[in-house]
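Okay, structure first, notes after.
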Amino acid sequence: MAFAAILLLFLAIVWAAGGGWFAPAQHAGKAEGKALDPVLVGARAAAVRSSAEALGVVHPKQVLFGDLHVHTTFSADAFQASLPMAGGDGAHPVGDACDFARYCAGLDFWSINDHAETLTPRRWSETVDAIRQCNAVSGSQDDPDLVAYLGWEWTQMGSTPANHYGHKNVVLRDLDADKIPTRPIPAAPPEDVPSVLEGGVGRFTFGLFALSEIEGGGLQLARYFAETLEPKPCPKGVPVRDLPLDCREQVATPAELFAKLDEWGFPSLVIPHGTTWGMYTPPGSAWDKQLTPEQHDPKRQRLIEIFSGHGNSEEFRTWREVAIAADGTRSCPAPSPDYLPSCWRAGEIIASRCQAEGKDAQTCEKRAAEARQAWVDADRNAGATVVGGSDPNEWQDSGQCRNCFLPAFNYRPRSSVQYILALGRGDAANPLRFRLGFIGSSDNHSARPGTGYKEFARTEFTEARFGRFLDTPLGGKRREPLSEARRFDPKTAAPVFAIWETERAASYFLNGGIAAVHANGRSREAIWDALQRKEVYGTSGPHILLWFDLLNPPGSRGARLPMGSDVGMQTAPIFQVRAAGSFEQKPGCPDYAKEALTPERLQRLCRGECYNPSDQRRQITRIEVVRIRPQRSPSEDVATLVEDPWRVFPCEPDRSGCVVTFSDDSFLAGGRDTLYYARAIEASSPAVDADPLHCERDAEGRCVKMKPCFERPDSDDCLAPTEERAWSSPIYVDFRAEG
């Protein structure tokens, strides 16, 4: 009886630990700072206006910088990374993000976008309160120093290319109680992906883990997931306003998301992001299936994130990560000079091990072919699992775009921004296309909006610490190397996120991009209006100034049309690009930040470095123009429609900026709708993880030796030279035949 009592007590403790009984809940917190002095805000505006006037901009609008993709530790991945077991420094709540945006990053606006599936009713309510509080201390509503928007991330991850739609941020315009959805709307997981945390066995297992990892934060993690799993799915077919307050309102497709948002009826933006990031995008994924009247809502889906802390998603390439035939069968394509498919490298690794065992060439080639096909057939981004016991370095630079600017990890070119904009459906009278504006964002997971202002703090300002996942008990132990591939079992309780490659991916995380708007004022409404009309641009982090205008729109009489515009023309379009580099940064933080926050908080949030501009701008070295002519039918080859770069204009070595004017004299002869956008390129400067693998290549261009960033100590920011840049939103020029 005594033994039974002890056993029952032990089981009760494990059950309670798995239910999160032994740790406090995490809260959203509050901003501790106050509004900036209006004189300081005015000085920033004056500096932009001075640069604009020096470039000939007449009556310039305000150029405001912000970040519309920010996570706190209310998001599951961010919370796990904040724990001691992953090398984290504790919770970073919503209140931290407000102070960071104002004092560390020098932003004008930002939005909160925690993963919707982890926003329980309590967390959502606290998020709303924290965002309201952030705005309440921003001064006048007509001229605030900082505008904070409410939102969430719809985190859809398909298990196959057919059911994958990707991540989208939802940003809400208003904060009044009667203009906010009762609950955020998460993505429903694919039906073929089992959960590993639901049910009694899962709770006992998690309880044992929590008790074994007390010092690493196991009890806190158990509390987090116990609360996350409390809400149950909402009943189907019930109007959104009649649903229970405490249910989880999941949808599986963009069409369902748009329908739910329409049902609520509140102003919102839906912004796709990380479209080429292969950590969650299945090989072979393409955006073609999203260009339908149901899966695309041009009223809400008006912007796309072209760059973030997860890398660049701009550039289209013709190579394929897998080859998919018309009947749906998949195979592994051969390498090309600028791309090594991971499936091909899987075969090479197996063949090398086979040869090391003394097997004959025929046997080893057969095993290599089996490994290539096993990689291709492994859904849920599980290709790396077919090569048992592989070291990250064995994969060389397979899966990566070798000639892209700071590319996303395991690049997916048919989900790139250029590919998306080149798609076309429908007929000439009613064409269906994506007409999107561009923004940059951080996608930061430690409540730090706008981390690209300085290139430092790799393990705090990027997601590089996620590479430690395999070093924790959750990641498991690396298996022994095998000389034969083992096929991925689709019944395995495995997520669609490629946790098997977190170490390799850790080298590709960047400090992140930023969004800029040309607004008629600083108010919430003025910024929102600029976002709506797509008069926006993105940068790779620095506060670059950029204008891109159509000079001769029909009936203009001297008026211009700015970036983001749509216009029909019967004459050759004439454009002008004007750009000024970002300010060189002074070390440390300005006095206003030191006076507003305690030294301890300033150090924890900003790591001792803030946006601290000098009066010297970096040089713009060249302007590049991209031209894309969208498909007239799905049969047109996108490779013939994307011209990157179409034109390149070197800039004089003048730090005040660069101005170029050009026309498309072939527009009329081409007789088809065309879009144009500009890139302003800064002089080379060092950036975190800009050379992620530091490859040494052989005569054939193979990455035969490397020193990847994920193997560097935390004190090493893994800096390498790169050319920071800004991307204008496109101007969409439709061909109009005379008469």
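Numbers below:
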quantity: Scope region 269-306; condition polar (S, T, N, Q) and either crowded, with 24+ Cβ neighbours inside 10 Å or assigned to a helix (DSSP H, G or I) (or both); matching residues; calculated: THR275, THR276, THR281, SER285, GLN290
quantity: Test set (1) of a type in the set (S, T, N, Q); (2) surrounded by fewer than 23 Cβ atoms within 10 Å (Cβ to Cβ); (3) more than 24 Å from GLU503 (Cβ to Cβ) - SER715 fails condition number; calculated: (3)
quantity: Top-ranked residue in region 163-184 [being touching a residue at least 12 places away in the same chain (Cβ under 8 Å) and farther than 21 Å from ASP67 by Cα; ranked as nearest to the chain's Cα centre (by Cα)]; calculated: TYR165
quantity: Residue within region 48-63 that is crowded, with 20+ Cβ neighbours inside 10 Å and over 25 Å from HIS518 (Cα atoms) present; calculated: no
quantity: Filtered residues of region 492-509 (kept if farther than 25 Å from ALA457 by Cβ and either modelled with pLDDT under 75 or small (Gly, Ala, Ser) (or both)); calculated: THR492, ALA493, ALA494, PRO495, VAL496, ALA498
quantity: Residues of region 548-574 satisfying the condition of being crowded, with 24+ Cβ neighbours inside 10 Å and either over 26 Å from the mean Cα position of the chain (by Cα) or outside any strand (DSSP E or B) (or both); calculated: MET563, GLY564
quantity: Residue within region 73-89 that is out of contact with any strand residue (DSSP E or B) (no Cβ under 9 Å at 6 or more places or on another chain), touching a residue at least 24 places away in the same chain (Cβ under 8 Å), surrounded by 22 or more Cβ atoms within 10 Å (Cβ to Cβ) and within 21 Å of CYS610 (Cβ to Cβ) present; calculated: no
quantity: Qualifying residue in region 190-212 (condition: of a type in the set (A, V, I, L, M), outside any helix (DSSP H, G or I) and crowded, with 18+ Cβ neighbours inside 10 Å); calculated: yes
quantity: Neighbours by Cβ (under 9 Å, 6+ apart or cross-chain): first from region 401-413, basic (Lys, Arg); second not in a loop (DSSP other than H, G, I, E, B); calculated: ARG402/TYR339; ARG402/CYS703
quantity: Scan of region 52-94 for residues that are of a type in the set (Phe, Trp, Tyr) and farther than 23 Å from THR120 by Cβ, ordered by number; calculated: PHE65
quantity: Sole residue being in contact with a strand residue (DSSP E or B) (Cβ under 8 Å, 6 or more places away or on another chain) and among the charged types (D, E, K, R), chosen from GLU455, GLU394; calculated: GLU455
quantity: Selected residue [surrounded by 15 or more Cβ atoms within 10 Å (Cβ to Cβ) and under 23 Å from GLY437 (Cβ atoms)] from ARG607, ARG578, ARG617, ARG601; calculated: ARG578
quantity: Lone unmet requirement of (1) closer than 30 Å to THR451 by Cα; (2) in contact with a strand residue (DSSP E or B) (Cβ under 6 Å, 6 or more places away or on another chain) for PRO231; calculated: (1)
quantity: Residue under evaluation ARG629, criteria (1) basic (Lys, Arg); (2) in contact with a Lys or Arg (Cβ under 7 Å, 6 or more places away or on another chain); (3) without any contact (Cβ under 8 Å) to a residue 24 or more places away in the chain, criterion not met; calculated: (3)
quantity: Scope region 344-360; condition surrounded by 13 or more Cβ atoms within 10 Å (Cβ to Cβ), out of contact with any helix residue (DSSP H, G or I) (no Cβ under 7 Å at 6 or more places or on another chain) and over 20 Å from ALA384 (Cβ atoms); matching residues; calculated: LYS359
quantity: Unmet criterion (only one of (1) buried (at least 22 other Cβ atoms within 10 Å of the Cβ); (2) over 29 Å from the mean Cα position of the chain (by Cα)) for SER415; calculated: (2)
quantity: Residue match in region 91-103 (condition: without any contact (Cβ under 8 Å) to a residue 60 or more places away in the chain, buried (at least 24 other Cβ atoms within 10 Å of the Cβ), closer than 27 Å to ARG522 by Cα and not polar (S, T, N, Q)); calculated: no
quantity: Residue ID - farthest from MET563 (Cα to Cα), chosen from residues in region 318-331 that are part of a loop (DSSP other than H, G, I, E, B) and in contact with a strand residue (DSSP E or B) (Cβ under 7 Å, 6 or more places away or on another chain); calculated: VAL322
quantity: Strands (runs of 3 or more DSSP E) (entirely within region 658-739) containing at least 3 residues that are in contact (Cβ under 8 Å) with a residue 60 or more places away in the chain and not small (Gly, Ala, Ser); calculated: 658-663, 674-682, 731-735
quantity: Residue that is under 27 Å from ASP288 (Cβ atoms) and surrounded by fewer than 22 Cβ atoms within 10 Å (Cβ to Cβ), where the choices are ASN135, ASN163; calculated: ASN163
quantity: Given (1) over 16 Å from GLU321 (Cβ atoms); (2) modelled with pLDDT of 95 or more; (3) assigned to a loop (DSSP other than H, G, I, E, B); (4) out of contact with any helix residue (DSSP H, G or I) (no Cβ under 9 Å at 6 or more places or on another chain), index of the condition GLY388 fails; calculated: (2)
quantity: Condition met for ARG617 (over 26 Å from ARG425 (Cα atoms), among the charged types (D, E, K, R) and modelled with pLDDT of 95 or more); calculated: yes
quantity: The one condition in (1) in a helix (DSSP H, G or I); (2) farther than 30 Å from PRO283 by Cα that GLY106 fails to fulfil; calculated: (1)
quantity: Subset of region 632-649 (residues that are more than 23 Å from PHE575 (Cα to Cα) and surrounded by 15 or more Cβ atoms within 10 Å (Cβ to Cβ)); calculated: ARG632, GLU636, VAL638
quantity: Qualifying residues in region 307-343 (those that are buried (at least 22 other Cβ atoms within 10 Å of the Cβ) and aromatic (Phe, Trp, Tyr)) - the one nearest to THR539 (Cα to Cα); calculated: PHE307
quantity: Residue selected from region 493-547 under the condition part of a loop (DSSP other than H, G, I, E, B) and of a type in the set (Lys, Arg), by the criterion farthest from CYS718 (Cα to Cα); calculated: ARG533
quantity: Unmet requirement for ASP654, which otherwise passes all of (1) in contact with a Cys (Cβ under 6 Å, 6 or more places away or on another chain); (2) modelled with pLDDT under 95; (3) of a type in the set (D, E, K, R); calculated: (1)
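Condition check ((1) in contact with a His (Cβ under 6 Å, 6 or more places away or on another chain); (2) under 27 Å from ALA323 (Cβ atoms); (3) crowded, with 22+ Cβ neighbours inside 10 Å) across all residues:
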| position | (1), (2), (3) |
| --- | --- |
| GLN362 | no, yes, no |
| GLU365 | no, yes, no |
| ASN381 | no, yes, yes |
| ASN393 | no, yes, no |
| ALA428 | no, no, no |
| PRO431 | no, no, no |
| LEU436 | no, no, yes |
| SER441 | yes, no, yes |
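The values are calculated or read from the model by the stated rules, or taken from the named source; none is laboratory data. Since this is a predicted model, take the numbers as computed values, not measurements. Please note: Cβ atoms are built from the backbone with ideal geometry, for glycine as well, and neighbour counts cover all protein chains shown.
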